[in-house]
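> Let me give you the structure first, and then I'll get to my questions.
The values are calculated or read from the model by the stated rules, or taken from the named source; none is laboratory data. In this text the structure is predicted, and so the values were computed from the model without any measurement. Heads up, the Cβs are rebuilt from the backbone with ideal geometry, glycines too, and the neighbour counts pull from every protein chain shown.
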Amino acid sequence: MSTPTPPGDTTPVRAKRGWLLTSAGVALVAGIFLTVNWFFSLSSANLDFTEAKVHTLSAGTESILKRIDTDVTIKLYVSPEDDLMPQFRPVIGQVEGWLQRYHELKPDLIKVQKFVVERTSEEEQEAGTTGLQPQQGMWFGIAITCLEKTTLIPWVPALFSPFVDEDRIEFGLSSGLSEVTSARKKVLGLMSPLKLAGDAMPFGGGGQPTWAIYEMLKSQYEIKNIELTTTKIDPTVDVLLLLHPAGITDEAQWAVDQYLLGGGHVIAFLDTYNLVASQSGQQQRGMPPGMSPGAIPTGSNLAKLLTAWGYIFESDKIVADMGYATPMGPNNSNPLLLTLGTEGIDRSTDITKQLNDFWFIFSGTFTGTPASGLTEKILLKTSVKNQMVETSYASANPGSPSGQQQMARLNRSFRPEGKERILAFELTGKFKTAFPEGKPAPPPPAPPGQGGGMGGMGGLPPGMNFGPQGEAGEPGTAATAPIEVKAPEAAPAGSPAAAPAPAAPAPVAPAPATPSVVSPPVTIEPKPADAPAPPAANPAPALTPAPATPAPALTPAPTAPAVPAAAPSPLLPPPAGAAGATPPPVAPSGDPNAPVPLKESTKDGMVFLVGDTDMLADILAQQQILQNSNLPFAVNLVDQAAGDKDLMSIRSRGSARRPFSTIKLVRDEATSKIRDQLKSMDEEVEKINADIQSQKTNKDRNAALMSGWKKMEQKSREIAARKYQLEKEANKEVKSKLNFYQWMNIILVPAIIAGIGLLVLIIRKLKTSAR
Amino acid sequence: MRHISIIFKRELAAYFNNPLAYVLIIIFSVLSMGLTFVIGKFLDLNDASLTNFFLFHPWIYMIFGPAIGMRLWSEEHRMGTTELLLTMPISPWQAIVGKFLAACVVLAAALLSTIPIVVTVYILGSPDGQMIFSGYLGSFLVGAATIAITCAISALTRSQISCLLISVCICFLLVLAGFPSVADFLRPTMPWLANLGNGISLWWHQSEMARGLVRLQSLAYLTTLIAFCLYLTSVIIRSKRA
């Protein structure tokens, strides 16, 4: 029975009022809490704590977004996380973060949609209609659409480089937005004998894939192919890009000269030994014999233009750089494959300031000083530990025993020149013509019976020359005769180092006199014909860096019998002194309507020159080239020349990912321990080889070769076994170090804290018992 | 401030003078490292950014926070010392803040116990120090939020077990609300709910800060959540006192 409330007692009423007031107070505070959070959720303000500011949109992106005035839809298609490989899962969050930032900058115009694509779902069908394809069963692509235009990022994780400090997701999105929202693309004139657009071979053959650089440029520019024999370059071309212009005629150089003087911008990637071209005459898989296209010369030059600008590009030499040699295994590195360090990259220009890893493959260098009126800016350069060596080093397969011997010899005989060399540079200023006499005369037509196209199979009409050829009309020979190492002897200054055709290609054009050789070059010459038959096939050199770095295997050439290097092409100017040498330029024809050739540029011109073209050939080493700065560098040059600075400022930002760089050092430390053993084994092989060479007569040499061959084979097997053991031990050491860190983290601190806790408990117990 | 300090020291002594704090710190350390290295395959990811390490923390705090905070007021209610405490010349706010700060010190000590992984990544690579700082900031705020939630629940009940269970459930919902699978499930049909889930999710805010992106929205949410939960604690304490 409850106690009745005495009359006049307002306690229950007051209690009820108190509850009401309390509830109202709580509701009010909750409302304030929700309102404050809703208000802050509308704001995209944030603090970017990353050192590289990877979460902050760059000025270039903001500029691009400001230009957008129509609806743009960005659709992300991604498989469920469980269907993705573990390394791709964190990428989803990063991509969504970027998409969210784009949407926040233009919430009315940029719409972002995410579709989780499961197998046989409607989302999968829709993803397919956009043109996206799954990679190994996984979907992770983006489609950007504006009105009728759609551009794709087919595989988003490719924009994230796990081994270098770059993320390109912002660039990928911004360039996609720029592409779909731009009314007109700029025109890029392309002069190159290389099949950058790929080629579908007839008869169902394989064919060459499209180069990634071509795809990247095509997405931003309208590409116009220009022949290497052209006599005029359309002034509507915004940027002229020459990629390995092997076989360019004097008339075409004149056309480039006039285009430049007329205000055009020129970018030229030259090469002393182009690896792609060296494989261009080989049998293509699936092609009937004799139907492969003719070979492309391996060297390219713009001698006339460069001379006028004050420079020389040594067509017969490649640079070996010990300071930037690429590691090829635990015990060796290849100085002909350059992995550029930070010191070799100019950080003062927008083109290269955010770029890091560069990979040069058998590169040439430029020497000289700019002509009056021109300013030079070096973008990329070698270290001081470099030496120019013969191009014949490039034609040897580093994976073969003879190739390894060559490398070993190069390493031992290397003499650094002590000065840096130019790999890539910019020239600006008022250019003067390289053809003061005017337009040069066209080359004389080829005599009848000689093939008109490259190759020169006798009897065929012009343009019908197929098949790998040596000299015109002769059957092809193997690309490598047996290679023997001769004692080094000084090469006469100024002479090109071209070996006979089977081993090394002839220079493309008469090279200017080379400067005197600083140190006696090591020459490699093929063995005379009476040597035992070599292995027939000569696969392309394997360019496989050390395991610690991403190690893409160079796509090996087909194993069909190898073919020689390029035969002389009618497109090439004949060697100096030969019949039909280039006649002096003729005076203008007198046509009153013909434009007057320019002698000097009307305004400041811009030329970029790079000493290697293979650096862009992702068909050679896809993973390496797609992940380093080679391609962004090339596209940056084009953007700079075309005046598009927005995308250049975005390209190659820093990354939030930080790889474990010291693991490589641990591996190197582990392998260096038995490096001396391997060195002495290498020296034994060298000694056997030297014994063979020292024989006076062919008969003795043959006998020594037969017996020495077996010893060399055995030694090679021992070296291979020791190297395998070395790798195994290095891996074991790395693994044990990593295990140590793992268990130290899991157990150490808990053990320490447990110890501290026990100590405190014991002290308390002692104090208590003392009392 | 003096009163807060007195309560703070009292609570801290209560934590560290019995095995509870040490056991909690050891469990946090073993769990966070074990999940990172063994389940998360930290060394195989070849990334010294510690993002994956921080992403496990909200799941650990789901239980760790309630474990630290469950005794804050439930113990007082069980022992009957709540009224005694509140009759002292201190306001309820001072007691609440003092206790909350002491619990945060235990949380901070647990986070400090993960320093070896920071040392490890500096040895193995060159991590982004600022990003690691933002990850720890996010982890601390998320942990403090779970403690504040538990503080409010513990003011409601005398049983620590009940407090633990209820707090774990609430924290679990708050962690799960913004998890990618949940957001992906909701986004096609109810995008506003997916966005709301992100906004209230402890996991989502922690994941952003672990990547080095400290949103004003995250700072505001976590600090106001802590303040709101402490306010609720005060309301509950006062109502019980009344």
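> Would you confirm whether or not the stretch B:78-85 contains a residue that is away from chain A (no Cβ under 13 Å), of a type in the set (G, A, S), more than 17 Å from B:Q206 (Cβ to Cβ) and buried (at least 22 other Cβ atoms within 10 Å of the Cβ)?
No - not one qualifying residue is present in the stretch B:78-85.
> While we're looking at this one, here's another question. In the set B:I68, B:I39, B:I26, B:I63, which member is β-branched (V, I, T), touching a Gly at 6+ places or on another chain (Cβ under 9 Å) and surrounded by fewer than 21 Cβ atoms within 10 Å (Cβ to Cβ)?
Criteria check complete, one pass: B:I26.
> So for the stretch A:734-745 (the condition being out of contact with any Pro (no Cβ under 7 Å at 6 or more places or on another chain), over 22 Å from B:V30 (Cα atoms), in the same structural domain as A:K687 (by TED's automatic domain parsing) and in a helix (DSSP H, G or I)), does at least one residue qualify?
Initially, the stretch A:734-745 is screened for residues out of contact with any Pro (no Cβ under 7 Å at 6 or more places or on another chain), giving A:734-743.
Subsequent filtering for residues that are over 22 Å from B:V30 (Cα atoms) retains A:734.
Filter again for in the same structural domain as A:K687 (by TED's automatic domain parsing), leaving A:734.
Still in the running and in a helix (DSSP H, G or I): A:734.
Checked the stretch A:734-745: at least one residue is out of contact with any Pro (no Cβ under 7 Å at 6 or more places or on another chain), over 22 Å from B:V30 (Cα atoms), in the same structural domain as A:K687 (by TED's automatic domain parsing) and in a helix (DSSP H, G or I).
> If you go through the stretch B:177-200 one residue at a time, do you hit one that is crowded, with 21+ Cβ neighbours inside 10 Å and within 16 Å of the chain's Cα centre (by Cα)?
no
> Still on this structure: Could you check the stretch A:88-118 and list, in sequence order, the residues that are touching a helix residue (DSSP H, G or I) at 6+ places or on another chain (Cβ under 9 Å), in a helix (DSSP H, G or I), more than 9 Å from chain B (Cβ to nearest Cβ) and closer than 18 Å to B:L186 by Cβ?
Result: A:L99, single match.
> Restricting attention to the stretch A:348-382, report how many residues are touching a Leu at 6+ places or on another chain (Cβ under 9 Å) and under 15 Å from A:I422 (Cα atoms).
Summing the residues that are touching a Leu at 6+ places or on another chain (Cβ under 9 Å) and under 15 Å from A:I422 (Cα atoms) in the stretch A:348-382 gives 20.
> Looking at A:L678, A:L726, A:L758, A:L748, which one is more than 21 Å from B:L43 (Cβ to Cβ), in a helix (DSSP H, G or I), modelled with pLDDT of 85 or more and in contact with a helix residue (DSSP H, G or I) (Cβ under 9 Å, 6 or more places away or on another chain)?
Only one candidate passes the filter, namely A:L758.
> Which of the following residues is small (G, A, S), farther than 28 Å from B:K99 by Cα and at pLDDT 90 or above: B:A194, B:A177, B:A155?
B:A177
> Filter the stretch A:37-72 for residues that are facing another protein chain (nearest Cβ under 9 Å), crowded, with 16+ Cβ neighbours inside 10 Å and in a helix (DSSP H, G or I) and give the result.
Listed by number, the residues that qualify are A:N37, A:F40, A:S41.
> Go through the stretch A:586-668 and tell me which helices (runs of 4 or more DSSP H), entirely inside it, have 1 or more residues that are at pLDDT below 70 and surrounded by fewer than 22 Cβ atoms within 10 Å (Cβ to Cβ).
A:622-627, A:645-650
> Have a look at B:G143, B:G69, B:G125 and point out the one that is within 11 Å of another protein chain (Cβ to nearest Cβ) and either over 20 Å from B:S239 (Cα atoms) or modelled with pLDDT of 95 or more (or both).
Sole residue among the options that is within 11 Å of another protein chain (Cβ to nearest Cβ) and either over 20 Å from B:S239 (Cα atoms) or modelled with pLDDT of 95 or more (or both): B:G125.
> Go through (1) more than 15 Å from the chain's Cα centre (by Cα); (2) among the aliphatic types (A, V, I, L, M); (3) more than 7 Å from chain A (Cβ to nearest Cβ) one by one and return the number of the condition B:M62 breaks.
The failed condition is (1).
> In the stretch B:197-235, which residues are closer than 23 Å to B:I153 by Cα and either of a type in the set (D, E, K, R) or modelled with pLDDT under 90 (or both)?
B:G197, B:G199
> Kindly provide the set of residues from the stretch A:119-137 that are closer than 21 Å to A:P86 by Cα and part of a loop (DSSP other than H, G, I, E, B), ordered by number.
Hits for the stretch A:119-137 are A:R119, A:Q133, A:P134, A:Q136, A:G137.
> Of the numbered conditions (1) within 14 Å of chain A (Cβ to nearest Cβ); (2) surrounded by fewer than 16 Cβ atoms within 10 Å (Cβ to Cβ); (3) aliphatic (A, V, I, L, M), B:M88 satisfies every one except a single condition; which is it?
So the condition that B:M88 fails would be (1).
> Another question, then. Being crowded, with 16+ Cβ neighbours inside 10 Å and more than 14 Å from every other protein chain (Cβ to nearest Cβ) is the requirement here; does A:I142 meet it?
Against the criterion (crowded, with 16+ Cβ neighbours inside 10 Å and more than 14 Å from every other protein chain (Cβ to nearest Cβ)), A:I142 qualifies.
> Would you mind stating whether A:I747 is among the hydrophobic types (A, V, I, L, M, F, W, C) and without any contact (Cβ under 8 Å) to a residue 40 or more places away in the chain?
Considered against the rule, which asks whether it is among the hydrophobic types (A, V, I, L, M, F, W, C) and without any contact (Cβ under 8 Å) to a residue 40 or more places away in the chain, A:I747 comes out as yes.
Residues checked against (1) closer than 25 Å to B:D47 by Cα; (2) at pLDDT below 90; (3) within 28 Å of the chain's Cα centre (by Cα); (4) basic (K, R):
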| position | (1), (2), (3), (4) |
| --- | --- |
| A:A59 | no, yes, yes, no |
| A:L65 | no, yes, no, no |
| A:K75 | no, no, no, yes |
| A:D83 | yes, yes, no, no |
| A:R89 | yes, yes, yes, yes |
| A:Q94 | yes, yes, yes, no |
| A:R101 | yes, yes, no, yes |
| A:L105 | no, yes, no, no |
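> Working only within the stretch A:331-356, note down all residues that are more than 24 Å from A:W309 (Cα to Cα), modelled with pLDDT of 80 or more and of a type outside the set (A, V, I, L, M, F, W, C).
Hits for the stretch A:331-356 are A:N334, A:P335, A:T339, A:E343, A:R347.
> Something else now. Hand me the list of helices (runs of 4 or more DSSP H) wholly inside the stretch B:155-242 holding 2 or more residues that are within 12 Å of another protein chain (Cβ to nearest Cβ) and without any contact (Cβ under 8 Å) to a residue 24 or more places away in the chain.
B:180-186, B:191-200, B:216-241
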